[in-house]
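Following: one structure in structure tokens, then a few remarks.
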Amino acid sequence: MERMTSAAAGPSESRFLRACRRQPVDRTPVWFMRQAGRYMPEYRAVREKHTLLEICAQPELAAEVTLQPIQALGVDAAILFADILLPLIPMGIDLEFVRGEGPVIHNPIRSNADIARLRAIDAEAELGHVMHALELLRRELPSAIALIGFAGAPFTLASYLVEGGASREFLRTKQLMYTDGRAWHALMDKLSAVLADYLVGQVRAGAQAVQVFDSWVGALSPDDYRSYVQPYSRRVLQAVARTGAPAIHFGTGTATLLELMRDAGGDVIGIDWRVPLDRAWERLGQGVAIQGNLDPAVLLAPRPELERRAARILDQAGGRPGHIFNLGHGVLPETPVEAARAVVDLVHARQLHPEEA
Ligand code: CP3
């Protein structure tokens with residue numbers, strides 16, 4: 001709890017939310033994608049007693065796990081403990097998380113008939129457990145710690161639905177896209193409607209910002225992104241924009257897609273480690289904030305190397321308002337907790353604009 005208090009010192013509004021709006025902050029805000037997970041002993045202890053889906057379905061448990069990294073690491077934001085695949089369950093998808101294999105979908109979507117069977121749900125009502133967890137968390141968190149909701153982007157969710165699980169080449173997904181464009185657009189239409197409602201519901205329940213994870217969109221060329229994905233991501237992000245809560249638009253392998261992703265929407269663009277942060281920000285312009293981008297593998301490096309590389313990212317951001325420090329993708333299960341904490345401390349040790357914040 002001591003860390004929670006020290007993070008809460010300083011400006012009463014969260015520095016994370018100020019950075020999303022490109023306002024000056026006293027220290028660069030920092031949080032990590034997948035900051036609650038198997039690398040933490042507290043999380044593993046809960047997982048010994050409950051499956052991933054059980055944790056997600058029980059608001060008290062989801063809230064407890066969400067808070068674990070706030071206490072252990074001293075990060076500036078809490079991201080709701082959930083999974084991008086959760087909304088697919090009420091849509092009629094038979095989903096299982098298999099140890100060592102990841103998500104498996106037993107009834108994948110590969111034809112027009114499959115798409116027609118996908119239920120267009122009322123996300124706010126049918127994912128009430130997610131909304132309830134957010135309500136609990138907002139009540140428990142100090143005002144300096146922001147609460148982030150999230151959803152998968154339409155493309156990344158469609159890729160799981162069509163492939164039936166993880167994929168390297170996304171062959172079935174592209175096959176559907178290229179051979180039956182109408183079916184593809186019908187699928188993306190259905191998904192983007194649900195995801196827009198789901199995120200708006202999360203904001204109403206207490207999420208102060210949301211992140212849209214388009215984790216696997218880097219598999220696409222810019223032309224395919226523009227034709228098959230961008231209108232649907234735009235629909236989701238515009239729905240969030242109308243709530244007034246900031247949105248982070250994140251993907252990996254997106255070096256050729258950054259401008260198109262920005263044009264689809266998002267107050268903050270989340271980048272992976274393959275693009276230098278200063279170059280990405282130059283390309284995107286000063287109209288957006290930027291989140292990133294330490295390679296998660298660097299948390300397994302010797303401490304001096306880790307510190308050198310984390311400091312380099314702060315140097316690239318150059319103290320400009322609108323940088324949120326994060327990894328370029330999720331925390332790896334092999335990560336030492338002390339390494340994650342060292343990064344938070346290093347980021348918070350650098351003073352920015354105390355007179356303006
Ligand atoms: O960030 C957080 O702390 C919140 C929790 C969170 C989870 N999943 C819990 C989880 C978040 C933000 C996600 C998002 C998610 N889920 C993404 C997008 C982020 C990314 O990594 O690209 C994706 C692609 C998924 C789908 C998913 N869920 C996969 C591929 C896996 C298996 C891989 C793995 O790490 O085991 C999951 C399972 C999962 N979701 C775990 C956690 C903590 C680990 C499994 C476990 O505890 O048994």
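Only one of the numbered conditions (1) among the basic types (Lys, Arg); (2) touching a residue at least 24 places away in the same chain (Cβ under 8 Å); (3) surrounded by fewer than 16 Cβ atoms within 10 Å (Cβ to Cβ) is violated by Arg34, and that is (3). Checking each residue of region 230-246 against the condition of being of a type in the set (Ser, Thr, Tyr) and crowded, with 20+ Cβ neighbours inside 10 Å gives at least one match. Taking the criterion of being hydrophobic (A, V, I, L, M, F, W, C) and either under 14 Å from Asp295 (Cβ atoms) or in contact (Cβ under 8 Å) with a residue 60 or more places away in the chain (or both), the residues of region 319-347 that qualify are Ile324, Phe325, Leu327, Val331, Leu332, Val337, Ala339, Ala340, Val343, Val344, Val347. For region 268-291, check the following and say yes or no: at least one residue is in contact with a Ser or Thr (Cβ under 6 Å, 6 or more places away or on another chain), more than 21 Å from Phe150 (Cα to Cα), away from the ligand (no atom under 16 Å from the Cβ) and in contact (Cβ under 8 Å) with a residue 24 or more places away in the chain. No, every residue in region 268-291 fails to be in contact with a Ser or Thr (Cβ under 6 Å, 6 or more places away or on another chain), more than 21 Å from Phe150 (Cα to Cα), away from the ligand (no atom under 16 Å from the Cβ) and in contact (Cβ under 8 Å) with a residue 24 or more places away in the chain.
The helices (runs of 4 or more DSSP H) located wholly in region 27-104 that include 2 or more residues which are within 9 Å of the ligand (Cβ to nearest atom) and over 17 Å from the mean Cα position of the chain (by Cα) occupy 41-49, 52-57. Of all residues in region 105-130, those that are within 16 Å of the ligand (Cβ to nearest atom) and closer than 15 Å to Pro87 by Cβ total 4.
Collect the residues in region 313-344 that are among the charged types (D, E, K, R) and surrounded by 14 or more Cβ atoms within 10 Å (Cβ to Cβ), keeping them in residue-number order.
Our first condition is that a residue be among the charged types (D, E, K, R); within region 313-344, this holds for 315, 320, 334, 338, 341.
Selection gives Arg320, Arg341.
In region 117-127, the qualifying residues are those that are exposed (fewer than 15 other Cβ atoms within 10 Å of the Cβ) and without any contact (Cβ under 8 Å) to a residue 40 or more places away in the chain, and the one that is farthest from Arg47 (Cα to Cα) is Arg117.
Select from region 65-83 the residues that are surrounded by 20 or more Cβ atoms within 10 Å (Cβ to Cβ) and either of a type in the set (D, E, K, R) or over 26 Å from Val347 (Cα atoms) (or both) and list them in ascending order. If the condition is that a residue be surrounded by 20 or more Cβ atoms within 10 Å (Cβ to Cβ) and either of a type in the set (D, E, K, R) or over 26 Å from Val347 (Cα atoms) (or both), then Asp76, Ala82 are the ones that fit. Against the numbered list (1) out of contact with any strand residue (DSSP E or B) (no Cβ under 9 Å at 6 or more places or on another chain); (2) farther than 30 Å from Arg172 by Cα, Pro90 comes up short only at (2). Scanning region 178-229 for residues that are surrounded by fewer than 16 Cβ atoms within 10 Å (Cβ to Cβ) and among the aliphatic types (A, V, I, L, M) turns up just one, Ala186.
From the list Gly266, Gly251, which residue is on the phi > 0 side of the Ramachandran plot and surrounded by 23 or more Cβ atoms within 10 Å (Cβ to Cβ)?
Working: Gly251 fails: on the phi > 0 side of the Ramachandran plot.
The conditions single out Gly266.
No value in this document is a laboratory result; all are computed from the given coordinates. In this text, all values refer to a predicted model and were calculated from it rather than measured experimentally. With ideal geometry, Cβ positions are generated from the backbone for all residues, glycine too; neighbour counts draw on all protein chains shown.
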